[in-house]
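Student: I have a structure here, written as structure tokens, and I will follow up with some questions on it.
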Amino acid sequence: MPPTQREPAVVVASIPALATRFAARCASAARSALAARGRFALAVPGGSAAERFFPALAETELEWSRVDLFFCDERCVPPENLDSNFAAVRRLLLSTLRTVPPRVHRMQGEDPDPARAARDYAETLRFMLGAPPILDMVLLGVGEDGHVASLFPGRPALAAVDVAVLFEDAAAKPPPRRITLSLEVLATARDVVIAAFGASKAAAIADALHDPDAESPLALLLRKASRGPTLLLDEEAARGIAW
């Protein structure tokens with residue numbers, strides 16, 4: 001029987017406090033996952049969530065050698081490109097963990113056939129986590145249009161079913177070609193954490209939380225994530241909600 005759906009939890013605080021809170025939550029989730037399954041499967045983003053949270057996470061005591069690090073999405077660029085999410089994660093997190101690195105499962109954004117790269121990543125997820133693959137934790141940022149990972153409003157990828165990883169060839173934000181986890185995979189994670197900072201995100205956050213008919217990727221994720229997603233917001237991002 002699937003778990004009973006719960007309302008999203010909302011935490012509003014300063015960005016340093018949110019970073020500390022996320023690091024502690026990640027450590028707690030890792031301990032539980034290691035005790036239950038012997039590994040901790042964490043999917044991470046690039047962007048502002050990585051910039052603001054990963055320095056604190058890098059200083060947290062985790063058994064990193066037992067962590068499987070996956071990616072929520074990737075741009076179709078080489079891994080050394082400044083637009084690469086892997087490049088950001090390597091700079092902000094992996095470079096600090098060189099002596100005890102996690103097991104990194106990188107999306108091959110440079111593959112000349114991104115659809116093939118998406119299929120290969122789906123196979124990796126199934127091989128490591130089973131079918132359907134269930135991640136222990138996903139961390140996501142939010143775009144001004146309410147996009148999460150590389151799932152954008154109105155795009156076919158948002159409605160895909162029975163697909164774990166997708167190739168998006170016309171994202172509304174450059175670069176347009178991307179690989180992304182599906183909404184299904186994100187929504188079935190055991191712990192979904194969404195971070196948003198700044199006034200430019202306030203309308204998307206308020207819409208997703210207060211409009212039951214909202215169709216943004218964020219709104220759909222909040223409704224589909226049955227294990228109780230958590231929003232970590234600074235005061236500017238939270239200005240449109242009651243808190």
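The values are calculated or read from the model by the stated rules, or taken from the named source; none is laboratory data. For clarity, every value in this text was computed on a predicted model and none was experimentally measured. When we count neighbours, we look across all protein chains shown, and the Cβ atoms used for this are built from the backbone with ideal geometry, even at glycine.
Student: Check Val77, Val67, Val104 and return the single one that is in contact with a Gly (Cβ under 6 Å, 6 or more places away or on another chain), more than 19 Å from Val142 (Cα to Cα) and at pLDDT 95 or above.
Tutor: That would be Val77, the only listed residue that is in contact with a Gly (Cβ under 6 Å, 6 or more places away or on another chain), more than 19 Å from Val142 (Cα to Cα) and at pLDDT 95 or above.
Student: Name the single residue, out of those in the range 81-99 being part of a loop (DSSP other than H, G, I, E, B) and hydroxyl-bearing (Ser, Thr, Tyr), that is farthest from Thr230 (Cα to Cα).
Tutor: Checking each candidate, the answer is Thr99.
Student: Please list, ordered by residue number, the strands (runs of 3 or more DSSP E) wholly in the range 1-80 having 1 or more residues that are within 14 Å of the chain's Cα centre (by Cα) and buried (at least 18 other Cβ atoms within 10 Å of the Cβ).
Tutor: 40-44, 67-71, 73-75
Student: Out of the range 100-122, which residues are surrounded by 19 or more Cβ atoms within 10 Å (Cβ to Cβ), of a type in the set (A, V, I, L, M) and not in a loop (DSSP other than H, G, I, E, B)?
Tutor: Result: Ala117, Ala118, Ala122.
Student: With the range 138-243 as the region, which helices (runs of 4 or more DSSP H) entirely inside it contain at least 1 residues that are farther than 22 Å from Gly46 by Cα?
Tutor: 202-210, 217-224
Student: If you go through the range 95-134, how many residues are among the small types (Gly, Ala, Ser) and under 18 Å from Leu186 (Cβ atoms)?
Tutor: Matching residues across the range 95-134 total 4.
Student: Going through Lys224, Lys201 one at a time, which residue ends up being in contact (Cβ under 8 Å) with a residue 24 or more places away in the chain and buried (at least 24 other Cβ atoms within 10 Å of the Cβ)?
Tutor: Lys201
Student: For the range 221-243, enumerate the residues that are over 12 Å from Pro8 (Cα atoms) and either among the aliphatic types (A, V, I, L, M) or touching a Gly at 6+ places or on another chain (Cβ under 8 Å) (or both).
Tutor: Leu233, Asp234, Glu236, Ala237, Ala238, Ile241, Ala242
Student: Same structure again: If you check Leu139, Leu135, Leu125, Leu186, which single one turns out to be closer than 30 Å to Ala13 by Cβ, in contact with a Pro (Cβ under 8 Å, 6 or more places away or on another chain) and crowded, with 22+ Cβ neighbours inside 10 Å?
Tutor: Leu139
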